[in-house]
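Notes for the one structure printed next.
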Amino acid sequence: MFPVGDDNRARRLTPVVTYALIAVNVLFFIIELIGGEDFIVAWSFVPGRFMANPAGDFVTIFTSMFMHGGWLHIGGNMLYLWIFGDNVEDRFGHVRFLLFYLACGVAATFAQLAFSLGSDIPNLGASGAIAGVLGAYILLFPQRRVRVIVGYGITEMPALAVIGLW
């Protein structure tokens, strides 16, 4: 099962923030690939490092949410942001959507911190922010259906099922 789209007929706004977030995530991923392990360690959120120096490591709360652990990680996250983010952005408006996205990413980072205070393992990814967008989508559009590729055809499934499988 591979989601390919949802119903956007009622959308009023061009989802410029969603598109910009996808672009920034892809740009960060390319820089991450070029920079390698040193870039990943420097800009990921490392709980133990943050606890030792919160002010000095503050920026990684945000930089880490634009990094990804591989092609499937970024591909899946950006696909779901593209399909579901535009509708949430349309309902919230551009600025509120951006603030919501960032707040979800920060909340996910601090949730991870709560369970791994002394860890030296880098934490990265937009999954927490994306999960927030998906949760908002389910609350705002509980009856929506999503087009998915199943086998050799496209069919519609309830958004809740598609998001649940994410």
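Does any residue of region 53-72 turn out to be in a helix (DSSP H, G or I) and touching a His at 6+ places or on another chain (Cβ under 9 Å)?
Here is the first cut: in region 53-72, the residues in a helix (DSSP H, G or I) are 54-57, 60-66, 71-72.
Now narrow it down to the ones that are touching a His at 6+ places or on another chain (Cβ under 9 Å): none.
No, the conditions are met nowhere in region 53-72.
Considering region 2-32, the residues that are in contact (Cβ under 8 Å) with a residue 40 or more places away in the chain and basic (Lys, Arg) include one that is farthest from TRP166 (Cα to Cα), namely ARG12. Within the option set GLN143, GLN112, being touching a Gly at 6+ places or on another chain (Cβ under 9 Å) and either part of a helix (DSSP H, G or I) or open to solvent by 50 Å² or more (accessible area, probe 1.4 Å) (or both) holds for one residue only, GLN112.
Suppose we filter region 115-140 for residues that are surrounded by 13 or more Cβ atoms within 10 Å (Cβ to Cβ) and in a loop (DSSP other than H, G, I, E, B); how many remain? First the steps, then the outcome.
Restricting attention to region 115-140, the residues satisfying the condition of being surrounded by 13 or more Cβ atoms within 10 Å (Cβ to Cβ) are 116, 119, 122-138, 140.
Within this subset, residues satisfying the condition of being in a loop (DSSP other than H, G, I, E, B) are 116, 119, 122, 124-126.
Qualifying residue count for the region: 6.
In region 15-32, of all residues being in a helix (DSSP H, G or I) and either modelled with pLDDT under 95 or of a type outside the set (A, V, I, L, M, F, W, C) (or both), the one that is most open to solvent (accessible area, probe 1.4 Å) corresponds to TYR19.
Of everything in region 33-48 that is surrounded by fewer than 19 Cβ atoms within 10 Å (Cβ to Cβ) and touching a residue at least 40 places away in the same chain (Cβ under 8 Å), the residue that is farthest from the chain's Cα centre (by Cα) is GLY48.
Name every residue in region 49-58 that is under 17 Å from ALA107 (Cα atoms) and either in contact with a helix residue (DSSP H, G or I) (Cβ under 7 Å, 6 or more places away or on another chain) or open to solvent by less than 70 Å² (accessible area, probe 1.4 Å) (or both), in order of residue number. Break it down stepwise before answering.
Residues of region 49-58 under 17 Å from ALA107 (Cα atoms): 50-51, 54, 57-58.
Residues satisfying the conditions are PHE50, PRO54, ASP57.
When ASP90 is tested against (1) of a type in the set (D, E, K, R); (2) under 18 Å from LEU79 (Cβ atoms); (3) touching a residue at least 24 places away in the same chain (Cβ under 8 Å), exactly one condition is not met: (2). In the set (1) exposed (fewer than 12 other Cβ atoms within 10 Å of the Cβ); (2) over 21 Å from VAL95 (Cβ atoms); (3) among the small types (Gly, Ala, Ser), the condition left unmet by GLY69 is number (1).
Taking every residue in region 131-150 that is within 16 Å of PHE97 (Cβ to Cβ) and among the hydroxyl-bearing types (Ser, Thr, Tyr) and pairing it with any residue that is open to solvent by less than 50 Å² (accessible area, probe 1.4 Å) and at pLDDT 95 or above, at least 6 positions away or on another chain, the pairs with Cβ-Cβ distances below 7 Å are TYR137/PHE84; TYR137/ASN87; TYR137/VAL88.
The values are calculated or read from the model by the stated rules, or taken from the named source; none is laboratory data. These numbers were taken from a predicted model, which means no experiment stands behind them. Glycine also receives a Cβ, built like all others from the backbone with ideal geometry; neighbour counts cover every protein chain displayed. In case anyone asks, the SASA skips ligands and DNA or RNA and just uses the protein heavy atoms, side chains included. Shrake-Rupley method; radii C 1.70, N 1.55, O 1.52, S 1.80 Å.
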